[in-house]
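Asker: Submitted below is the structure of interest, expressed as structure tokens.
The values are calculated or read from the model by the stated rules, or taken from the named source; none is laboratory data. The structure displayed is predicted, hence computed values, not measured ones. Using ideal geometry, Cβ is built from the backbone for each residue, glycine included, and neighbour counts are taken over all protein chains shown. These area figures cover heavy atoms from the full protein model, side chains too; ligands, DNA and RNA do not enter into them. Shrake-Rupley method; radii C 1.70, N 1.55, O 1.52, S 1.80 Å.
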Amino acid sequence: MTADPVLIVGGGLGGLTTALALAKRGRQSRVLEGAPQFGAIGYGIQFGPNVFHVFEHLGLSEQVRAIADFPAALRMMDAFTGKELIRLRTAASFRTRFKYPYIVVHRIDVHNVLLEACRRNGAVELVADAMVTGFEERGDSVAVTTADGRSFAGPALVAADGFRSLFRAVLIGDGEPRSSGYVAFRTIVPMSELRADVARDCVHLWSGPGLHIVHYPLRRGTEFNLVAVFRSASHAERGDPGSYRAELEHTYRDMHPTMRALIAMLDLRWRRAVADRDPVRHWHKGRVVLLGDAAHAPLQSLAQGAGMAIEDGLCLGELLAAANGDAAAAFRRFEAARLLRTARVQLESRALWDFYHLDDGVARDVRNATIAEWDEAHLFDCLAWLYDGAPLPEAASRPG
């Protein structure tokens, strides 16, 4: 790679991780963020042990631990009875098996860890208020234009511009994301305001027909993160808080009283349709490559969308640094290294989505009886492919 900075479009978790991975290998990058300033919006996020392999490599593991909560267990609950269906403890035996912890953290907090690391590193240039509106290849470089008329060029471009990526629309052209038919409401409230009778030290998934609720603590147990998801005929439509409340109450009318207490806490201003992307085999063309949700957005079933973007960032940064100027070769190696893992996350997330939301009573009974037999060893075996992390490809281990 030449001394000119690699362009990274998008200052989210994946883009910043790519910049730090390049910087660790002495390569410069320029991160273009469309918002007026770098920062994150959002709610809670879950990270499995696999993501700590990246944080450790970048020297950020302790900083992330310092802003994280460490749930005692992951629990799946029956939406009708309130009975615990399965529990995966995430304490000593979990950490012994997977080396690293399972954490929950506010997206803003983990984004700030990466952002501050970038600001401290002279190899990373952060350019805010740079909304990219177009791009073109120019022989041995690629150039972008921004909404305010500026132009930036570099030897390669990493498109970490998210779910509705401008670059995906051009490189792949597969239209809108695939709708799941579900919507999600997200809310964070002070833990002191929580009145529902739930354990406050675990990640909970309440599973019901065409609906679920997820909740867990944040910021050292001072905040409560709540997500309610359900199938909706109006998933693609905008409404008002009154219609949203009526739909929520109707949808959850037969669920356990705890679930009804939880939905009463929701802030109805944040409502989003839930969607993903189909796996595709190629994420690059010429000197441009897609990363994270721009390449392989999954449903939330495995809580791995951000984790896959962060893993992408380290892998791609290492491969670009080792490419000796051949961006296209680095991108091919990146696809080869990441395709099957990210596609498996996408496809297993879809399968789990259906598993969580079974409508048929007999099917739910079969599921519940089956998972009741799963012990810790079985769960660890099922999760090993994901939580053991992703080794860097051989090309990335050679000096750049």
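Residue by residue, here is whether (1) of a type in the set (Ser, Thr, Tyr); (2) at pLDDT 95 or above; (3) under 23 Å from the mean Cα position of the chain (by Cα) holds:
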| site | (1), (2), (3) |
| --- | --- |
| 123 | no, yes, no |
| 128 | no, yes, yes |
| 131 | no, yes, yes |
| 144 | no, yes, no |
| 180 | yes, yes, yes |
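Asker: Keeping to region 197-218, report how many residues are part of a loop (DSSP other than H, G, I, E, B), under 30 Å from residue 65 (Cβ atoms) and open to solvent by less than 30 Å² (accessible area, probe 1.4 Å).
Answerer: Of the residues in that region, 2 qualify.
Asker: While we're on this one: Checking the conditions here, which among 73, 66 is open to solvent by 30 Å² or more (accessible area, probe 1.4 Å) and among the small types (Gly, Ala, Ser)?
Answerer: Among 73, 66, only 66 is open to solvent by 30 Å² or more (accessible area, probe 1.4 Å) and among the small types (Gly, Ala, Ser).
Asker: Considering every residue within region 18-26, establish whether at least one is within 30 Å of residue 324 (Cβ to Cβ) and either in contact with a Lys or Arg (Cβ under 6 Å, 6 or more places away or on another chain) or β-branched (Val, Ile, Thr) (or both).
Answerer: yes
Asker: If you don't mind, there's one more thing I want to ask. Being open to solvent by 10 Å² or more (accessible area, probe 1.4 Å), among the hydroxyl-bearing types (Ser, Thr, Tyr) and either part of a loop (DSSP other than H, G, I, E, B) or in contact (Cβ under 8 Å) with a residue 24 or more places away in the chain (or both): is that true of residue 301 here?
Answerer: Taking the combined requirement at face value, the residue satisfies it.
Asker: What about residue 155, is it touching a Ser or Thr at 6+ places or on another chain (Cβ under 9 Å), within 30 Å of residue 287 (Cα to Cα) and not acidic (Asp, Glu)?
Answerer: So residue 155 fits the description; yes.
Asker: When you look at residue 135, is it open to solvent by 20 Å² or more (accessible area, probe 1.4 Å), touching a residue at least 24 places away in the same chain (Cβ under 8 Å), over 24 Å from the mean Cα position of the chain (by Cα) and within 14 Å of residue 8 (Cβ to Cβ), yes or no? Give the steps one after another, and end with the answer.
Answerer: On the way: open to solvent by 20 Å² or more (accessible area, probe 1.4 Å): yes; touching a residue at least 24 places away in the same chain (Cβ under 8 Å): yes; over 24 Å from the mean Cα position of the chain (by Cα): yes; within 14 Å of residue 8 (Cβ to Cβ): yes.
Against the criterion (open to solvent by 20 Å² or more (accessible area, probe 1.4 Å), touching a residue at least 24 places away in the same chain (Cβ under 8 Å), over 24 Å from the mean Cα position of the chain (by Cα) and within 14 Å of residue 8 (Cβ to Cβ)), residue 135 qualifies.
Asker: Now a separate question. Suppose the filter is out of contact with any helix residue (DSSP H, G or I) (no Cβ under 8 Å at 6 or more places or on another chain) and open to solvent by 40 Å² or more (accessible area, probe 1.4 Å); does residue 388 pass it? Break it down into steps so the answer makes sense when it comes.
Answerer: Working: out of contact with any helix residue (DSSP H, G or I) (no Cβ under 8 Å at 6 or more places or on another chain): no; open to solvent by 40 Å² or more (accessible area, probe 1.4 Å): yes.
The answer is no for residue 388.
Asker: Yes or no: residue 49 over 30 Å from residue 153 (Cα atoms), of a type outside the set (D, E, K, R) and buried (at least 22 other Cβ atoms within 10 Å of the Cβ)?
Answerer: Considered against the rule, which asks whether it is over 30 Å from residue 153 (Cα atoms), of a type outside the set (D, E, K, R) and buried (at least 22 other Cβ atoms within 10 Å of the Cβ), residue 49 comes out as yes.
Asker: Tell me, yes or no, whether region 243-263 has at least one residue that is under 22 Å from residue 46 (Cβ atoms) and either of a type in the set (Asp, Glu) or under 17 Å from the mean Cα position of the chain (by Cα) (or both).
Answerer: No, the conditions are met nowhere in region 243-263.
Asker: Please work out which one of (1) within 24 Å of residue 94 (Cβ to Cβ); (2) in contact (Cβ under 8 Å) with a residue 40 or more places away in the chain is the condition residue 317 fails and give its number.
Answerer: For residue 317, the failing item is (1).
Asker: A follow-up question, please. Considering only region 219-298, give the helices (runs of 4 or more DSSP H) lying wholly within it that have at least 3 residues that are open to solvent by 40 Å² or more (accessible area, probe 1.4 Å).
Answerer: It comes to 241-251, 257-263.
Asker: Filter region 350-363 for residues that are more than 19 Å from residue 180 (Cβ to Cβ) and open to solvent by less than 60 Å² (accessible area, probe 1.4 Å) and give the result.
Answerer: Answer for region 350-363, where residues must be more than 19 Å from residue 180 (Cβ to Cβ) and open to solvent by less than 60 Å² (accessible area, probe 1.4 Å): just 361.
Asker: Output the qualifying pairs, or none if there are none: Cβ atoms under 7 angstrom, residues six or more apart or on different chains, first residue in region 190-210 and charged (D, E, K, R), second residue modelled with pLDDT of 95 or more and assigned to a strand (DSSP E or B).
Answerer: These pairs meet every condition: 200/217; 201/217.
Asker: Same structure, new question: When region 212-256 is examined, which residues are found to be among the aromatic types (Phe, Trp, Tyr) and at pLDDT 95 or above?
Answerer: Kept after step one, since they are among the aromatic types (Phe, Trp, Tyr), are these residues of region 212-256: 216, 224, 230, 244, 252.
Within region 212-256, 216, 224, 230, 252 qualify.
Asker: For residue 347, only one of the following conditions fails: (1) farther than 21 Å from residue 21 by Cα; (2) open to solvent by less than 70 Å² (accessible area, probe 1.4 Å); (3) touching a residue at least 60 places away in the same chain (Cβ under 8 Å); (4) not in a loop (DSSP other than H, G, I, E, B). What is its number?
Answerer: (2)
Asker: Going residue by residue through region 149-169, is there one that turns out to be over 17 Å from residue 33 (Cα atoms) and surrounded by fewer than 17 Cβ atoms within 10 Å (Cβ to Cβ)?
Answerer: So far as region 149-169 goes, yes, one or more of its residues are over 17 Å from residue 33 (Cα atoms) and surrounded by fewer than 17 Cβ atoms within 10 Å (Cβ to Cβ).
Asker: In addition: List, please: which pairs have Cβ atoms under 9 Å, are six or more places apart or on different chains, and start with a residue in region 362-389 that is touching a residue at least 24 places away in the same chain (Cβ under 8 Å) and under 23 Å from residue 92 (Cβ atoms) and end with one that is open to solvent by less than 60 Å² (accessible area, probe 1.4 Å) and of a type in the set (Lys, Arg)?
Answerer: 385/341; 386/341
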